[in-house]
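Asker: So that we are looking at the same thing, I have put the structure below in structure tokens.
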Amino acid sequence: MEELQQVAASVLVLQVSILLAIELIWNLCEVLFIDAAPAGSLLLHLLDWVRLHKADVDEKAREVLQSESPAEHRDYWDVVVSYVLQGRLEEARQMLVKQAALQPAARSMYKLIDTLLSRMPFYNPGGNQTLTEFDVKWRHWHDEVNRCLQDNSFASNRHLEIICKILAGDEDTLLEHKELLSTWYHFLVTRLLFSHPTVKPTELHYYAQSCLTMFLDSRSVPEPLDNILLAAFEFDIHQVIKDCSIALNNWWFVAHLTDLLDHCKLLQSHNLHFGSNLREFLLLEYASGLFTHHSLWQLAVDYFDHCPEFGHVYLELQIERVPLDTERKALKVLRICDQRQMSEQVRSICKIMAMRALRNNRLGSALSWSIRAKDAAFATLISERFLQDYCTRGTFSDLDLIDNLGPAMLLSDRLTFLGKYREFHKLYGEKRFGEAAKLLLSLMTAKIAPRSFWMTLLTDALPLLEQKEVIFSADQTHELMFCLEELTSCLNASALGSPKTSQDEDIELTKVELLRLSLARNLAMAIIKEGTVEA
């Protein structure tokens, strides 16, 4: 906030003022509601609160002390009086020493004011002194201050007389220094310090209301911040939350304040469930706002997690609205859904990403997303595209993915075929011809391979049929022949419905003739081999 104040342009001034107001309210709520300080201690907390939010006197004091002659500086007396108004009497005494040194003739007056300042009693909560004993001691001191005024002890020095009147709690003198007090709540704390230091929490709102009335001009209307602070002094927690919701520009403050108060069991006075419901409502509102931000939406997830009643439902609704601009962002959203068992959202995200990858012709990514979505229909469609791509190019793309399908290949028959067909190519490449032949035949006889791909499989069998060593047994060769004849009859039937070019027909006939020749030759060799009895 200090950095913001230093560089504050017109755009930032409003933000800084909101931050300061938020801190002011938060600290007061801590004093009144969380610490719940009793009489005596209450005023000490309020003094700290005022000092924290009225720190300009320290900056002014530095300017005075760094000047060539501090006692003659134009702001010297403002600093001294400001210290007294904040109850910082030790700092005031140190400043007065500099003025006393310049006025030897008035030394007795300065010594007397120093004695009054040094003797002012402050309540010590941790000491042996009771509140009653402190009150008696304070009244004796206060009577001594009033006697000095009645005796005109400071009549010849206007500044010292003002300080003495402040110590006596003279309201007119306090109001004459509105500029130094700057706010009615500073006036309130100063007035209590020098008139009612043992104020009880239940009496605060009477003094607060009268100080507001006395401090503001008759034509002035209380600001929203004034009403919030008044509600706090009246210990009306719900009114504080309500007014903050209206006055502040977002839900951050009320959500966190209500959360803190609920943890302290301070919202249960009227309705046993109202406090928790209010807390959750405000957290849900704040988190929903975060979800509209391009980078803060991930923080909102944590807030929803801490809303036991409706948090999960809200998260399900909001997560569907997160734009999946990149794959990295989609993986983040997916991880969030996985961790919270949001299976419907997981499937939806995977389907969206699979469709997008397919449109961009990224088959590997599309297949990976469809497997994660456990979408059998879509996995089948992409597997078909892989096979078409193979028929066109003669090679597989995304080999790493296909090689590592594992149990995922069981998602659909077409995906199983794709994985097994790739396995056939690996066995063939490793010259494990027997295993490759067995796998190829099983793909056809088990009806896993699509009929449109049978010709490709039979063509893949040709190099195995042409090996010097017999790979296919007689029974296996018979099965291949049966598959070829079944395929030929299907091709003839389909040719009647959709005529092909003469060139396509010639290619098909050539393939069939080559296969028949190779199968016949292999069958003869297999029969000879199987019928031969080795010695």
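Asker: Cα axis of helix 502-531 to longest principal axis of the chain: angle in degrees, 0 to 90, nearest 10?
Answerer: 70 degrees
Asker: Points 7 angstrom from Cα along the Cβ direction at Thr326 and Phe433: gap in nanometres?
Answerer: For the pair Thr326/Phe433, the computed spacing is 5.2 nm.
Asker: Tell me what the chain gives for mean residue ellipticity at 222 nm when only DSSP H runs of n ≥ 4 count, each as -39,500 (n - 2.57), the sum divided by the residue total, rounded to 500 deg cm²/dmol.
Answerer: For the chain, the value works out to -22500 deg cm²/dmol.
Asker: Related question: Note the angle between two axes, namely the Cα long axis of helix 184-195 and the longest principal axis of the Cα atoms of the chain, as a number of degrees from 0 to 90, rounded to the nearest 10.
Answerer: Between helix and principal axis, roughly 50 degrees.
Asker: For the chain, what is the charge dipole size about the Cα centre, in debye to the nearest 20, if Lys and Arg each add +1 at the Cβ and Asp and Glu each add -1 at the Cβ?
Answerer: 1060 debye
Asker: Per residue of the stretch 81-91, in order, report the coupling 6.51 cos²θ - 1.76 cosθ + 1.60 (Karplus, θ = phi - 60°) as ³J(HN,Hα) in whole Hz, putting x for Gly and Pro.
Answerer: Going residue by residue, I get 5, 4, 4, 5, 4, 8, x, 8, 6, 5, 5 Hz, with x marking Gly and Pro.
Asker: Another question about this same structure. How big is the stretch 2-249 along each principal axis, measuring the range of its Cα positions in Å and listing the largest first?
Answerer: In descending order, the Cα extents are 59, 48, 38 Å.
Asker: Ok, one more. Counting only Cα atoms, I'd like the Rg/Rh figure for the stretch 129-263, Kirkwood definition for Rh.
Answerer: Ratio of gyration radius to Kirkwood radius: 1.08.
Asker: A follow-up question, please. Please list, in order along the stretch 278-291, the HN-Hα scalar couplings obtained from phi with the Karplus expression 6.51 cos²θ - 1.76 cosθ + 1.60 (θ = phi - 60°), rounded to whole Hz, x for Gly and Pro.
Answerer: After applying 6.51 cos²θ - 1.76 cosθ + 1.60, I find 5, 4, 5, 4, 5, 5, 5, 5, 5, 5, 5, x, 4, 5 Hz.
Asker: Convex hull over the alpha-carbon atoms of the stretch 294-382: what's its volume per residue in Å³?
Answerer: 86 Å³
Asker: When every alpha-carbon pair in the chain is counted, what percent end up more than 46 Å apart?
Answerer: So the pairs more than 46 Å apart make up 50 percent of the total in the chain.
Asker: With axes computed from alpha carbons, what is the tilt in degrees of helix 343-359 against the longest principal axis of the chain, rounded to the nearest 10 within 0 to 90?
Answerer: Between helix and principal axis, roughly 60 degrees.
Asker: Compare the peptides 453-462, 30-39 by average per-residue count of other Cβ atoms within 10 angstrom and give them in order, highest first.
Answerer: With the highest mean Cβ count within 10 Å placed first, the list reads 453-462, 30-39.
Asker: Between the DSSP loop rule and a limit of at most 13 other Cβ atoms within 10 Å, which chymotrypsin sites (Phe, Trp or Tyr not before Pro) in the stretch 160-245 are left?
Answerer: Here no loop site has a sparse enough neighbourhood.
Asker: Which whole-percent values make up P(r) of the stretch 227-382 when all C-alpha to C-alpha distances are grouped in 10 Å steps starting at zero?
Answerer: 10, 31, 24, 16, 11, 6, 1
Asker: Related question: Taking only the alpha-carbon positions of the stretch 27-85 and ignoring solvent, what does the Debye formula give for the base-10 log of I(q)/I(0) at q = 0.12, 0.14, 0.20 Å⁻¹?
Answerer: -0.41, -0.51, -0.73
The numbers here are math on the coordinates, done by the rules we state, and not lab data. Given the structure is predicted, the values throughout are model-derived calculations rather than measurements. Every residue, glycine as well, gets a Cβ built from its backbone with ideal geometry; the counts of neighbours run over all protein chains shown.
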